[in-house]
Amino acid sequence: MRKILPLKVSVSGVRGIVGESLTPQLAARFVSAFGTYLGQGQVLVGQDSRPSGLMLKKAVMAGLLATGCQPVEVGLLPLPTILFLTKKRQARGAVVITASHNPFNWNGLKFIGQDGLYLRSSEVEEFLDIFHQGEFTYVPAERIKPVLSEKEAGYLHLRRIFSQIKVKEIKKKKFRLVADCANGAGATLLPRFLQELGAEVRFINTELSGKFAHQSEPTPENLKELGHEVRAFQADLGLAQDADADRLALVDEQGQPLGEDATLTLSVDHVLSRKKGPVVVNLSSSMVIEDIARKYGVRVYRTKIGESNVVEKMLETRAVVGGEGNGGVIWPAVHPCRDSFTAAGLILEKLSSFPGSISQLMATYPRYYLLKEKFDCPAELAFKVVTELRRRYQRENISTLDGLKIIWGEAWVHLRPSNTEPIIRIIAEARSAEKARRLLEKFKDEIKQILSQVS
Amino acid sequence: MKPLKLSVSGVRGIVGQAITPELIINFASAFGTMVLAGPVLVGRDSRNSSPMLTDGVISALLATGHEVIDLGLCPTPITQFLVKNKGARGAVSVTAGHNPAPWNALNFINSQGTYLNEFQGQELLDIYHLGRFKQLALKKTPKIIRELNPEEPYLEWLLGRLELPPIKRAKFRIVVDPTNGAASKLIDKLFDLLGVQLIAINNEGNGYFPHDPEPRPRNAIEVSSLVKITTADIGFLLNSDASRLSLVSEDGETLSEEYTLPLIARYYLKKQPGPVVTNLSTSMMIDQVAREQNLPVIRTRVGQSAIIQAMLEEKASLAGEGSGGLAFDYFQPAFDALVTMALYLEMMAVEGEKLSTLVKRLPRYHIVKDSLVCPAYRLHTLVAEVKKLYKGLEINQLDGLRLEKKDLWVHVRASTTEPLIRVIAESTSQHRAQMEVDRVMAYLRRLTA
């Protein structure tokens, strides 16, 4: 049995179980380290709907005040909205009290730096060094600042999106939609967003009690309720946000999930049709992105897995669009972060310019089949397995940027030891489901064989 | 060195040095672990750092499973009153009382509305040092109730216990300096209800201290000049949480904080006869007042916690310290400068006497106070060394050293709030008191040199 550690410190922050590992003391220490790292300035404080959020927020406030930062309470808001506002307000950073899609009893802190960007790995290292050394820069009493509060800030984010898309064209179509907010912070803004786009919408799972009706991973299982509602409402499209509202999954007019890559596919195609420029996606996103980029004659950059890696490369290459295959669309015209609102806006605009249904639109793209699986493997062996496979496939077209990716024309496989769990992730894509399955099985067998040799 | 003082009733230090969010959360978690499940009150003074400490305290109380009633800006005596009034399990008052602006403190209050007694204080420290705090999973959002007018039930109670008609008839004019502390603005309401014309300074509650928030003559200069200019009947100076008070008489004399207790004692003890509790460092003036009415004076260690504990044990009528903190058993067992101000007005109205006349009736003593900064870890050993100066004399060692010689007493003790040794002497002769303090100070300086 895998032991689940009750406290996880990663590039995006810290997560733990309230009442066990995530104490107010720990939160105050992390935030004191963050405040020390940032230096004094405004820091936005947001939270999701979990019941322990209030307790942690008080500890976060104490840590920020003591280190001379000025907290700006923005309350319950989607993650991309908070990232956007951090830049808009020219704040030093932000702390968001959230554990995204983790179970109910978990909570966590996400740390966001200047310009509303996640900390880069080098910055995270510096910040964690301060945390571990425990030497925080507390200011004397007279330099403690008053707390500010901004309650209506979320609308600024929507206004920015409206300024970048053709609101009139979308309004004309009077879309019928069903939207699933997964009981996440998206529910605070999505109704207003879609209403201003002239859509007639049925909402599900908008209650913000901190309890989640379903997991927010966009698996067919979790999109069942949405599919059902789409058929019942005779909607043109179903939209599903995850708990933080940074990712978006789609369900077509027949209630069928469109596959994880559809959101990114549609968004990339649409942005490139308006403005040509480089595209950045991670190694595990579908090959359809290359097909689309070829159509427009632009370059595709592939990065390690992780939003901050994609964003970093996008800023470096001045990419016009990018993202992750799991429904995370990044459009720098709004803000360089994964944003389900931006994605929804782009997809509705695309659909408003297409004379057919969403399923007909999807049929215009080359069809790929992408399969994912996890393989149990202790962390220290996972590394050996990947090294051995790299040796065996060194003559093929490979990438060793993040684990091992092997590419053969119209198929590829990506093997990656997880950072947080003792598993190897295997992702395979091909033009047929059968071929993708065969690739997956072949590599599972090969890993098994290597494991039996090394252990 | 980062001065941090733990005492039975709380923790105190300089913000950003000893007072950090983690320390605050740990202490408040220990308190939340100690008190029974149920609501806990949190009040604070106006210091710049108080919201930071308050956030830490609230987060710890929520994590340990308590409902929090947030009183906002609230004088400690009102927070203490509200514990019973609201049926709370206890309270935390965030204030460093008379300490300068860089300081702050947590003061823990039990379910009876009094400072923790020494046993409760010891239990709190044990839990703190053990570091195993109660922690809840918080499956439901915990409750914070924001009390917008916490003073209302208090003022109603206070007015119900005063002789209102004479106070109102007297049409007093008074000057009050709440030092921009927790009682700011609130005094407008109180004195309006008493029919008193109030001239207030430093009444913004913004935590900016124009002088150290300690009620004593050197900080009462503004009050004194205003009393003279406006021909007021009396002037009052408060500390930052309205637990201590010093007086300015109608002729503008800034009275030592030592007068606050004996000046009111004669009047109050006539109404409510009973023993008087005070500490070992307080002036002998109170002994004479009590003697006139054949009432005993019990002397304890210094500090509100010890004084109130003795007050309850001895069923005392009046308790107070030379620092200007007074508790009246007809009101509540808490140092309460709001009650004290109201009683002064009642006394002046009922007896029809000027404050300066009342001062003249008290015996004239001279009290000399001095202090020596010294590392916290050497405080008690150095105090013990002073015994060598007084070989052959009977020494009271309840709190440091206190001894009496003919028409003189001297008290040498470690401060509970700062890393200081305090030396206090009192005599009918200014010269003798000064000589004695100088002798002890010289001896201590030689030891620390």
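The values are calculated or read from the model by the stated rules, or taken from the named source; none is laboratory data. Every value quoted in this text rests on a predicted model; they were computed, and no experiment measured them. Reconstructed Cβ throughout: ideal geometry from the backbone, glycine too, with neighbour counts over all protein chains shown.
Worth pointing out:
- Residues of the range A:122-132 include none that is among the aromatic types (Phe, Trp, Tyr), away from chain B (no Cβ under 14 Å) and surrounded by fewer than 16 Cβ atoms within 10 Å (Cβ to Cβ).
- Top-ranked residue in the range A:309-361 [being out of contact with any Pro (no Cβ under 8 Å at 6 or more places or on another chain) and among the charged types (D, E, K, R); ranked as nearest to residue A:246 (Cα to Cα)]: A:324
- Index of the failed condition, residue A:144 passing every other in (1) crowded, with 23+ Cβ neighbours inside 10 Å; (2) within 18 Å of the chain's Cα centre (by Cα): (2)
- Within the range B:97-126, the set of residues being within 21 Å of residue B:54 (Cβ to Cβ), outside any loop (DSSP other than H, G, I, E, B) and away from chain A (no Cβ under 14 Å) comprises B:107, B:108, B:109, B:115, B:124.
- Test result for residue B:310, outside the structural domain of residue B:267 (by TED's automatic domain parsing), small (Gly, Ala, Ser) and surrounded by fewer than 21 Cβ atoms within 10 Å (Cβ to Cβ): no
- Any pair with Cβ under 6 angstrom, 6 or more apart, that starts in the range B:143-154 at a residue that is under 18 Å from residue B:59 (Cβ atoms) and more than 14 Å from chain A (Cβ to nearest Cβ) and ends at one that is surrounded by fewer than 15 Cβ atoms within 10 Å (Cβ to Cβ) and at pLDDT below 95: none
- Of the strands (runs of 3 or more DSSP E) contained entirely in the range B:361-443, those carrying at least 1 residues that are out of contact with any Lys or Arg (no Cβ under 9 Å at 6 or more places or on another chain) and either free of Cβ contacts under 8 Å to residues at least 24 places away in the same chain or of a type in the set (Asp, Glu) (or both) fall at B:401-405, B:420-427.
- Any chance residue A:60 is within 11 Å of another protein chain (Cβ to nearest Cβ) and either within 26 Å of the chain's Cα centre (by Cα) or touching a residue at least 60 places away in the same chain (Cβ under 8 Å) (or both): yes
- Residues being within 14 Å of chain B (Cβ to nearest Cβ) and not in a loop (DSSP other than H, G, I, E, B) - total across the range A:134-166: 5
- Considering the range A:185-211, the residues that are surrounded by fewer than 19 Cβ atoms within 10 Å (Cβ to Cβ) and part of a loop (DSSP other than H, G, I, E, B) include one that is modelled with the lowest pLDDT, namely A:210.
- One residue from A:49, A:12, A:32 being in contact with a Gly (Cβ under 9 Å, 6 or more places away or on another chain), more than 19 Å from residue B:22 (Cα to Cα), of a type in the set (S, T, N, Q) and within 10 Å of another protein chain (Cβ to nearest Cβ): A:49
- Members of the range B:31-52 found to be outside any helix (DSSP H, G or I), over 18 Å from residue B:143 (Cβ atoms) and either more than 11 Å from chain A (Cβ to nearest Cβ) or in contact with a Phe, Trp or Tyr (Cβ under 6 Å, 6 or more places away or on another chain) (or both), listed by number: B:44, B:45, B:46
- Candidates in the range B:366-400 are the residues that are aliphatic (A, V, I, L, M) and under 17 Å from residue B:427 (Cβ atoms); of these, the one that is surrounded by the fewest Cβ atoms within 10 Å (Cβ to Cβ) is B:393.
- Residue A:182, sole failed condition from (1) out of contact with any strand residue (DSSP E or B) (no Cβ under 9 Å at 6 or more places or on another chain); (2) assigned to a loop (DSSP other than H, G, I, E, B); (3) in contact (Cβ under 8 Å) with a residue 60 or more places away in the chain: (1)
Residue-wise test of (1) within 11 Å of chain A (Cβ to nearest Cβ); (2) in a helix (DSSP H, G or I); (3) within 15 Å of residue B:91 (Cβ to Cβ); (4) out of contact with any strand residue (DSSP E or B) (no Cβ under 6 Å at 6 or more places or on another chain).
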{"position": "B:5", "(1), (2), (3), (4)": "no, no, no, no"}
{"position": "B:23", "(1), (2), (3), (4)": "yes, yes, no, yes"}
{"position": "B:29", "(1), (2), (3), (4)": "yes, yes, no, yes"}
{"position": "B:54", "(1), (2), (3), (4)": "yes, yes, yes, no"}
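Conditions tested, residue by residue: (1) surrounded by 22 or more Cβ atoms within 10 Å (Cβ to Cβ); (2) over 22 Å from residue B:334 (Cβ atoms); (3) at pLDDT below 95.
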| position | (1), (2), (3) |
| --- | --- |
| B:59 | yes, yes, no |
| B:64 | yes, yes, no |
| B:68 | yes, no, no |
| B:74 | yes, no, no |
| B:81 | yes, no, no |
| B:87 | no, no, no |
| B:90 | yes, no, no |
| B:94 | yes, no, no |
| B:140 | no, yes, yes |
